[in-house]
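Q: Take this structure, written in structure tokens, and hold onto it; I'll ask about it next.
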Amino acid sequence: MATVAIDSLLQNPRLSVSPKAKLLLQLSRSLNCSRNRKLLFSRGACFCSFKPRRQIHAVNASSTDTALIDTFDTSSSDDVLYKETFPVKRIDKVEGKIFIRLDQSKDQRNWQLTIGCSLPGKWILHWGVSYVGDNGSEWDQPPKEMRPPGSIPIKDYAIETPLKKLSKGDMFHEVKIKLIPRSGIAAIHFVLKDEETGAWYQHRGRDFKVPLVDYLEDDGNMIGPKRGFGIWAGALGQLTNMLLKAEASPANSQKSSSESNDSKNQTRQREGFYEEQPIVKEVSIGNLVSVAVRKSPDTTKNVLYLETDIPGDVLVHWGVCRDDSKTWEIPAAPYPPETAVFKNKALRTLLQPKSIGHRSRALFTLDEEIVGFLFVLKLDDNTWLNFKGNDFYIPLTGASSVPGQHGESDTSSEEISSKAYTDGIINEIRNLVSGINSEKSQKTKTKEAQESILQEIEKLAAEAYSIFRSSIPTFSEEVVLETEAPKPSVKIPSGTGTGFEILCQGFNWESHKSGRWYMELKEKALEISSLGFTVIWLPPPTESVSAEGYMPTDLYNLNSRYGTIDELKELVKNLHDAGLKVLGDVVLNHRCAHFQNQNGVWNIFGGRLNWDDRAVVGDDPHFQGRGNKSSGDNFHAAPNIDHSQEFVRKDLKEWLVWLRDEIGYDGWRLDFVRGFWGGYVKDYLDASTPYFAVGEYWDSLSYTYGEMDHNQDAHRQRIIDWINATNGTAGAFDVSTKGILHSALERCEYWRLSDQKGKPPGVVGWWPSRAVTFIENHDTGSTQGHWRFPGGKELQGYAYILTHPGTPAVFYDHISSHYRSEIAALISLRNRNKIHCRSTVKIVKAERDVYAAIIDEKVAMKIGPGYYEPPGGPQRWSSVLEGKDYKVWEAC
Amino acid sequence: MEVSVIRSSCQAKICKTELGYRDLRFCFGKNHDKNKIFSRKPNSVCYESQITRLRKAGLRFTVKAVHCEPILESKSATRFKSLDRVRLFVGLPLDAVSECNTVNHTRAIAAGLKALKLLGVEGVELPVWWGVVENQAMGKYEWSGYLTVAEMVQKAGLKLHVSLCFHASRQPKIPLPNWVLEIGKSQSRIFFTDRSGRCYQECLSLAVDDLSVLNGKTPIQVYQDFCESFKSAFSPFIGRTITGISMGLGPDGELRYPSHHKPAKSGTITGVGEFQCYDINMLNLLKQHAEANGNPLWGLGGPHDAPTYNESPNSNNFFTDHGGSWESPYGDFFLSWYSSQLISHGDRLLSLASSIFRDTAVNVYGKVPLMHSWYKTRARPSDLTAGFYNTASRDGYEAVAEIFARNSCKMILPGMDLSDEHQPHESLSSPESLLVQIRTACRKHGVDVAGQNLAYGAPGGFAQIKKNMLGEDVLDLFTFQRMGAHFFSPEHFPSFTEFVRSLSQPELHLDDLPIKEEEATASVNTSSDPNIHMQAA
């Protein structure tokens, strides 16, 4: 380790005022500004300590040592390609000593303690006293008379007194403390603090202790005439960061006569002493590394000159590069003297000391095609100097001396420079955004700048958008796939029918009243079929607590208020004969019990599936189930079935298969599927292989202060999530579309019918083949009217769903009303044009009072009071249907 | 402090605003860099007067630190209205930090922050959830996720407004801390309860504020510990990156009763909501209050003739416009009590927050809801059920503004994007009038108002926000809610950009423009150096 003389700190490099250098500096600075690059040492360059001379021949450079300096000053620097001085910092350790002296003043009456330090620094004595009879290690503040001028009390236990220089220019600091006779002070305790570095200097991990009475027990940190041996480390803990040398201090303490006395002298005679303690201080030393590059006029080579004021042996660890990639390469010889190849990767050149000053330097001759010179400095095995974490990089071609490729700019990390770039454009965008249009500002900001900022913003927003979006489960690919419309002949996988289905809900809330609904419906089978329906949905067939059938008890008892099991079978047969597929309404979420348990709670089932309370979810206190927690929302009126139980699932699967075989159902309408996980539905559908299945996943749309949000993505996403959970084996009622139609029609806000991407805003816009669109059912309408479609606007609703993709469902009440003929016309138009669940829809208008779309390029439609005519007019499109606030065209 | 010196007057304004709300003692202890900024403004008279005014204010500030700020602010607001620029914030996603304390969609947020910075947005708002930070056990805080976000924000050079959320979120689902819910399972009395006994599990009832229901601690103590822990965990950011903190005051962070347990379901009209005074502790308080008033029979429960959640005011007798029970002595008794409970709850929490953050350079905010449905009726039932005794004949927001003033807090008002025009006619709603009413009360008490929007995508939203931001009263800041897929979508982001750019135009004033070309050029040059140093640092 090099131990450096302290005065190297004060060393003043000579100032050079080369005009050329100044020019370069200016240039780089202005470029820095405009490019927002960091300007790291523009100031440093001012005390560049070296100038290139006109002619340097690399080969003999080392022999012209002495001449160099002289020629520098006179040479012109026209051919200087590059010139820079890098400030470097290194940590060095300097040794010094602390001395402690206790002596009598000249008048022999008063004693004084002198504490000094030989190192430069801003030394503070942090001290206190202990009194005779004190126990423990607490300090007290000394009496006021003892405190030298300039002392500051620290809380109530210590004093801080700065050490003063003995004279100007002297590095010696000291402080004198006058002792007061008969004060009862047993010892003075102190530590030394260097305010410059914040370091504390202690004695063996503890405070220094100067005993003033000699019967003090030495607990290891005592200084002075008593024995300094047998010291053990104590723990003070309060003060840390000490850097005292580890050698035993008594080695160089001058104890004069005290040594022989101390073991014997039992008197209370106070003795003077003088002691020194070595200390080591870490100092940061600034040095300079100067580099200049010149073109050699005689050859085609460049000459690089490197000089530093770092004392001692300095090794340059270097290489060159031939492009901007800055990959180290070993150039061809010749090399400077004292050069060795290091591991085939770099060269090492020992700098040669210069004859004057504490400097060393080297000359490197480099081929013209070499673009850059890379190096680091090695001082010893553990000390390397680089440039702020990177290699020094010296560009060698004239062009490359612009800051962009300048070594210094690369010293900032990637992150900082990108931030710098960002900050730069931020400044510009502030101008831009503030929109100040004075002529003045027009000059300073160019159009390109504005555009690049806006592009940057756009790019970032797009990036953020894509990531945020992708964290929503993906469905868009699906849509793309499905919009490649399948041919009518293509067989669609289970659960969705042919894709050309039109569903009829074959009952309403009152259908149970007659007690013979099956028989009544049987009469209408042909009629329903002739309207163009392909699928009919029948009411829940099981024995039920409520007449409507949605509170099932014994699943195998199919005698209900709608009719007997035999009537049901007959009905299904008739419907099949009429060409209709039949959906059974199955309630899987809950089941009403037959018996009470010992607590009087109804949770014991009877009938063929005589489950007990293990089949009931455990998180509904009303029914005291012993099953697991519900995998969905609870329906509170009846015990919710725990589908996580193997036996429950097995029984339900068997039941569904039985319904398929025994009754002839073709598929299912699944009641209240919010109540359990869609994955179980998949299980049931896989077992019962329905031709068509649709789930009722009904929850609230998003409203804000009574106004429905335009964006119902969250709502439709929940439905999509459920369909996903069923693995797409079932579709779902498109509650989103119904809700949006409500708002659009009721409040004349037809703009709602286009989502942000110009697609239908409901489930049908995202996953049309699984969306069963509807405008009313037995719950929302009929005599319950929980969420009735805006009155008088039903046909607009049907004009929408019957022309759009998805599988439309028509409510029984509407086909038995005066709407019947118009609905029939819409259905026949749908069938005629072969619109199917994956048809493409192009929204051409979504404004306040009108919505218009073209489907499969075959059908155009509009709803709303506003005006719309399809493009091309009557020659391309013929109007086929028209009603109140809706109109439909077919392509000619 | 980041002071980027740019020639534009807009920039000078930013700095000035900062001066206004920062701790003034701190500001004037600094060197004269700031003055340099001001001197660049051509209107030197204005600059002089402003400095002296601020100095005066600064002196008062030291005397009574807590109360001076609003006074100062309102002064500057009225005098320099035309020059002030509203600081625009954007809310981060509610689930920016997940339950397991990782940052959700980090890269998206990072890109988003950069975009916002470029756009000139001042900062972002970050909801910090009780149910995320102190989820597992009382006193066990996990800040790492939020610290990461704060670092990202700092790195992006944006400011941060932190909302401390002591409530739960429905969508995305962020419940209350597990241990609180566990306690709630055995003691449902810690939650607000309605007439039919249904609990609202998304925040604690205000009646337990000072009861030791949480493992021997009161909710107030738990909130306090939470805030203290926040303060120490974020100390490197507080006052620098973090410039504002919102204290959660109730459901959705707002000062109110959860008069609607669920967002309106079917149908488009929000009903009147229900009174939430049926948890045992509330009933006890009511009983005591009634007995003290000599009407013990009035303390047995809430009004018997109030409608249910989704009903309209006239469906029962209490809120009927003429002759409704709300105007009877009983009505006044009940409504006074019900609203005073809410006010003192707000006071407790705001004074807690302001005393914790008093010694920092951040502003404390609280959010007050905009219960605008049925505002055009005389009884204003939505206000009443939410806890504001605000009727056609009584201003219920004066008392609210007063507690904000008392605790030197600023008020956040949502719904700045709502216009009367787009409200369903039948709801007799008037968000605009209510906003004016509350802001008037705030002005009277010297309380600064910060704005928020409720939902984007509503027609005319941006125009309405702009109207509110640039109107008569100056907003302290505006927080746009909120970053996410839709925010950055091609359908929305361009209109947001347009909105931001349009914001600063109206404030263009002839004398804002630089007079001399030399002066301007010089400042551009001097500006480059500090900038570069800033980046190097």
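Q: Using only Cα atoms, locate the centre of the range A:279-313 and the centre of the range A:562-608, then give the distance between them in Å, rounded to an integer.
A: 95
Q: Residues with beta-carbon under 10 Å from that of residue A:281, excluding residue A:281: net charge, scoring Lys, Arg +1 and Asp, Glu -1?
A: -4
Q: Another question about this same structure. Using only the alpha carbon atoms of the range A:296-395, find the Kirkwood hydrodynamic radius as the inverse mean reciprocal pair distance, in angstroms to one decimal.
A: After inverting the mean inverse Cα-Cα distance, the result is 14.0 Å.
Q: Could you give each residue of the range B:150-155 its phi-based ³J(HN,Hα) in whole Hz, using Karplus coefficients 6.51, -1.76, 1.60 with θ = phi - 60°, and x for Gly or Pro?
A: Residue by residue, the range B:150-155 yields 4, 5, 4, 5, 4, 4 Hz.
Q: How big a patch of accessible area, both sides summed and in Å² to the nearest 100, lies buried between B and A at a 1.4 Å probe?
A: Answer for the B-A pair: about 5600 Å² buried.
Q: Quote the charge dipole size of the range A:296-395 about the Cα centre in Debye, to the nearest 20; the model charges only the Cβ of Lys and Arg (+1) and of Asp and Glu (-1).
A: My answer is approximately 200 debye.
Q: With the full set of protein chains in place, find how many percent of the accessible area of the range B:274-425 is carbon and sulfur; take the probe as 1.4 Å.
A: The nonpolar share, carbon plus sulfur, comes to 50 percent.
Q: Still on this structure: About the Cα centre of the range B:163-276, how large is the charge dipole given +1 on each Lys and Arg Cβ and -1 on each Asp and Glu Cβ? Please answer in debye to the nearest 20.
A: Using only the charged Cβ atoms, the result is roughly 320 debye.
Q: Moving on to the next point. Assuming a ≥ b ≥ c are the square roots of the Cα gyration tensor eigenvalues, decide whether the range B:271-340 counts as rounded (a/c under 1.5), prolate (otherwise, with a/b larger than b/c) or oblate.
A: oblate
Q: OK, next. When ranked by the protection proxy of mean other Cβ atoms within 10 Å per residue, highest first, what sequence do the peptides B:269-282, A:176-189 form?
A: By packing density, highest mean first, the sequence is B:269-282, A:176-189.
Q: Okay, next question. Please list, in chain and number order, the residues 5+ apart from residue A:310 or on another chain whose amide H is under 5 Å from its amide H, with Hs placed from the backbone.
A: HN-HN under 5 Å from residue A:310: A:288, A:360.
Q: Would you pull out the residues with amide H under 5 Å of residue B:391's amide H, same chain only if 5 or more places away, H placed 1.01 Å from N?
A: B:396
Q: Using amide H atoms built in the peptide plane, which far-off residues or other-chain residues are under 5 Å from residue A:630 H to H?
A: A:618, A:619
Q: In the neighborhood of residue A:629, defined by Cβ-to-Cβ distances under 11 Å, what is the net charge if each Lys or Arg adds +1 and each Asp or Glu adds -1?
A: Counting the neighbours of residue A:629, the net charge comes to -3.
Q: I'd like the distance between the alpha-carbon centres of the range B:147-219 and the range B:374-418, rounded to an integer number of Å.
A: 23
Q: Accessible area of the range A:296-395 with a 1.4 Å probe: how many percent of it is carbon plus sulfur?
A: 50
Q: Would you be so kind as to list the residues of the range A:745-794 that have their accessible area lowered by at least 40 Å² in the full protein complex compared with their chain by itself (1.4 Å probe)?
A: Relative to the lone chain, where solvent access is computed with a 1.4 Å probe, the range A:745-794 loses at least 40 Å² at A:747, A:756.
Q: Over the range A:331-398, calculate the relative contact order: mean separation of alpha carbon pairs under 8 Å at least 6 apart, over the residue count, as a percent.
A: 22
Q: Per-residue HN-Hα couplings for the range B:429-442, Karplus 6.51 cos²θ - 1.76 cosθ + 1.60 at θ = phi - 60°, whole Hz, x for Gly and Pro?
A: 9, 8, x, 5, 5, 5, 4, 4, 4, 5, 5, 5, 4, 5
Q: Which net charge results for the neighbourhood of residue A:503, defined as the other residues with beta-carbon distances under 15 angstrom from its beta-carbon, given Lys and Arg at +1 and Asp and Glu at -1?
A: -2
Q: Calculate one ³J(HN,Hα) per residue across the range B:167-174 by plugging θ = phi - 60° into the Karplus curve 6.51 cos²θ - 1.76 cosθ + 1.60, and present them in order as whole Hz with x for glycine and proline.
A: In residue order, the calculated couplings are 10, 10, 10, 7, 9, x, 6, 10 Hz.
Q: Can I ask one more? State in Å² the accessible area per residue of the range A:296-395; use a 1.4 Å probe, count heavy atoms of protein chains only, and round to the nearest integer.
A: 45
The values are calculated or read from the model by the stated rules, or taken from the named source; none is laboratory data. Computed from a predicted structure; not experimentally measured. With ideal geometry, Cβ positions are generated from the backbone for all residues, glycine too; neighbour counts draw on all protein chains shown. When the accessible area is computed, the model is the full protein with side chains, heavy atoms only, and any ligands, DNA or RNA have been set aside. Shrake-Rupley method; radii C 1.70, N 1.55, O 1.52, S 1.80 Å.
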